Every structure is written in C-alpha cells, then in structure tokens.
C-alpha cells in the first residue's frame, strides 16, 4: 500500500488515505519542482481576476430585473455566502497545501469513490474555459463579423479560438512568475474599466430617486432579494474565489497568505459589483422603466448607458473590455485546471505520466497540454456541443460540498472548538443551495454527468491497477455512497421544485426541503468519512507494526 503524504515527511501532517495510487517517491520528486513564489498580492490578484469576468457587463441588469434596487443588498448577501464557503477551502489549504488540493481532499476524507466522482467533474469542467474563449471570439465579431454566424462560431471563429487557446497555454507554459505578471496586467485592465464606468456614469447622470420610484426599494417583495441570488446569477458572479486555493502548493506561506488573499479578493469583487449595481440603478433612464425594473431590456447595458450620457469613448472601451475579461478568465482557468489535472494523476485517476512537473519552469506542463487539448476539442463545431459547454462550469460547485465534508472529517480530534465547528456544516448547506439554484435547465445535464463518474472512476482505475476486489468495492461504496445519493436527491428536488422544475414544490418550501435533505446527508457523509480515516490510520499502523 502506498504511503500517504503524512508519512512522507513533506508538508503539514495529513490524514492517511487507504489508497493513494501514485508512488510516494514520484510525488515527492515532482512536488519538489514546484516554484513557491506566490505571495499575498499575487494570490489576491488571481482570485479577483477569476471572480470578475465578462459577467459584470450584464450582472447588474439581471439583478435589477429580478429584485429592483434591493439587488444592492443581494450582492452583499452573495459575498457573505461566498466567504462562508471560502473559509472552509482556505482552512483545508492551510493545513494541507497542495497544488490542486480541492481534488485531493475528497480522497483523504472519503476515499476513492468520492474522489473519482469529483475528479471526473473537474475534468469535465475544463469546458467552462472553452466557453470563456468562445465568448472572447464572439465579442470580437463587433469588429470581425465573420467569426460568429448562425448563433455559433464559424470555421474562422473556431480557428481564432484555437489560436487564442494556444496563446493562453503558452503564457502558462513558462513559469509561475510569468503567469503572475500577465495576470497582474489583466487584473489592472479588468479593474480599471468597471471602476471608470462606475465613476463616470454616476458623475454624468445620477438620479437618487430611482431607488424609491417605480415600486420602491423592494418593488417585488423582500423575497426577490433571495431570488436574485439564483435567478439573477449573483452567486455565480462571485464564483472563482477557489482559484488561489488550488495554487496553495506554489504559495510562499499558505498559512499566512491564503485566508486574507481569498477573503480580500471576494470583498474587492463584491465592492466592485455593488458599485456597478448602484451606477446602473441610478443612471437607467425613466423611459426604460415604463414597465418597471422587470421591463428593462438592454443588449449591452453599460455600453448603452454610456451612449445615453454621451460617453461614446467609454462605450468603445467597454466593448474592448468585453474581449479582455473572458480572455483573462480563460488564461486563469487553464493555469488552475492544470494543477487540478496534476492532482488527479496523484490520485491515480490519470496515468502517472501527467504527474510530471517541468524542472525549469515548475509547471505541470503535461497536465497543461492535456487541458489545452480538451479545450480544443470542445471548441470544434460538433452541432449542439457548444451549447452543452456553457453548463459544465457548474460541475465545480460539487467541490464546495465535498470540501465542507472534508473540513469536518479531517479536523484533528481534540482540537479546541470555535468557528470551524459550525462553518463546515453551514458551508455544505450553502454549497447545496448553490447547486440547486443552478436551475433544472442546467442540472438535468450536469448532475447525470457527475453521476457517470461512479462507474467511470472504477473503469479508469481498473485499467491500470485492476478492478477493486469485492470487499474493497463494498468498502468504497459504504464510505462514499452519500455523494451519489446527494446528487440524485438534488436532481429530484430540482425536477420538482420552483427553480426551473415542475413547480410541485413551491418556494420557499422547496428551499427548506433541500436544506433538510442536505443536513441529513452532511451528517451521514462526516460519519462515513471519519470511519474511513480511522480505518486507514489503523491499516497504516498495522502495516508499520
């Protein structure tokens, strides 16, 4: 049986896992090649840049359509929920700093079945980066109309997308220092344009009475503020804060820098989104509010507002930023996904060849090349495939839930009580709501894809290590059965609920049902995980004796 990282003497003490297929010597050798150059500023920039994508151009309008001026408070609530989940991730990363740690923790806490499903979901979520580079090319059609025709990329558009993918991969190829410098430049641009938009719009046409006219501050009731979190897409707008966590293995001092970096990135992003929301609410013309906030219909909200107040140069700048923002998200996404793919090779779900880290650059180049290749396949014009790609990013929401279980499971016995006793269960409930609020339109595709990871993980492992013995298979099912049950239950709730489903479970009863179901599953998952960890430690001690 392979030794776990805690037995190897590298990094902080980690719990034993029953099966870590990659040979410990190989893992140590490759881990030693990583460059630990990332400090607080670099980690904050990565998190902020991944949160603030092109969605800021539309997020304020969608939130206003759903909740009116109350949407300002909805952004604050979205930030608070994101911070709750982030606290779990940074706590785990500080204890066990690894490249691609979000893929490793489920293996430590619940064994190969849960790790296999999450690994499969992470592999599929590479499609989200393909969706971003597709958006970049689509925005370029303002100047090059032939790149996008009939609702999808043309052959020339696909060619441009493939070239951009190669460029972003090349910028990730030559080391974490270059990655950091490029991201700093992108972050400056992605911050300057929306901040300039807020300042200039408020200075050119601010109407404070908009917050109380047209139905008052909460024209659709206070419950609309909660609806904006899901239907308005606010919880997804603040997604991306997990990126610095997957770079923990390359942080100079993860215990010191990760928590403040991630929380600062969320706070700055939410502050920016609140500013954009206020700018939109206070400058939208009365003529657009004849049918109330729900009647707003802009094809380019801030660009059109800029034209209405005669800021034509700002409108042009906004269209240019619409190209830069998704491009920056693609750049970050490729780099982060390479660390996760590298971690999957450590888990044994991918061939050990992808475990390689380039000596000179400290980059897992083989994993990076694999992800770039997968992105290239997603970009090819296979009928409705591109329509599917946009939903795959939601698969990464599953990582939030399994990380909450891992945080509660791997908490050292006898550790003093405190916030980390109640934050993981709350985080699991929030993560479950994040998944449920994805709506049936997305979940009817993404959750069955995630469930397919159960047999596929066994097949991937059996091809290299032989199919698990019956006793081992039953043990894995016992330790990890909670995850497919959780996924199946969420799929049923989504089908019956008010988030795009049949509506048989009406709001807020559907949300309450989901929360009760999640609480029961969390208790089951932690109990199974603690049994798994105890048996793994007992097995290691017995073998050592």
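The values are calculated or read from the model by the stated rules, or taken from the named source; none is laboratory data. Just so it is clear, the structure is predicted and the values come from calculations on it, not from any experiment. Virtual Cβ from ideal backbone geometry, glycine too; neighbours counted across all protein chains shown.
Observations, loosely collected:
- With respect to (1) touching a residue at least 24 places away in the same chain (Cβ under 8 Å); (2) farther than 18 Å from residue 272 by Cβ; (3) not in a helix (DSSP H, G or I), the lone exception for residue 239 is condition (2).
- Some residue of segment 442-455 being farther than 16 Å from residue 117 by Cα, in contact with a helix residue (DSSP H, G or I) (Cβ under 7 Å, 6 or more places away or on another chain) and either surrounded by fewer than 16 Cβ atoms within 10 Å (Cβ to Cβ) or at pLDDT below 85 (or both): yes
- Flag for residue 540 being modelled with pLDDT under 90, buried (at least 18 other Cβ atoms within 10 Å of the Cβ) and closer than 27 Å to residue 411 by Cα: yes
- Boolean, residue 461 is modelled with pLDDT under 80, surrounded by 14 or more Cβ atoms within 10 Å (Cβ to Cβ), part of a helix (DSSP H, G or I) and touching a helix residue (DSSP H, G or I) at 6+ places or on another chain (Cβ under 9 Å): yes
- Residue in segment 105-118 that is outside any helix (DSSP H, G or I) and either closer than 18 Å to residue 338 by Cβ or out of contact with any helix residue (DSSP H, G or I) (no Cβ under 9 Å at 6 or more places or on another chain) (or both) present: no
- Residue 201, sole failed condition from (1) under 16 Å from residue 57 (Cα atoms); (2) under 30 Å from the mean Cα position of the chain (by Cα); (3) in a helix (DSSP H, G or I): (2)
- Residue pairs whose Cβ atoms lie under 6 Å apart, separated by 6 or more positions or on different chains, with the first residue in segment 394-420 and on the phi > 0 side of the Ramachandran plot and at pLDDT 90 or above and the second part of a loop (DSSP other than H, G, I, E, B) and surrounded by 23 or more Cβ atoms within 10 Å (Cβ to Cβ), do not occur.
- Residues (under 26 Å from the mean Cα position of the chain (by Cα), surrounded by 17 or more Cβ atoms within 10 Å (Cβ to Cβ) and assigned to a strand (DSSP E or B)) located in segment 141-167: 153
- Taking (1) outside any helix (DSSP H, G or I); (2) farther than 18 Å from residue 80 by Cα in turn, residue 287 satisfies each apart from (1).
- Among the residues here, residue 433 qualifies as at pLDDT 85 or above and either touching a helix residue (DSSP H, G or I) at 6+ places or on another chain (Cβ under 8 Å) or crowded, with 16+ Cβ neighbours inside 10 Å (or both).
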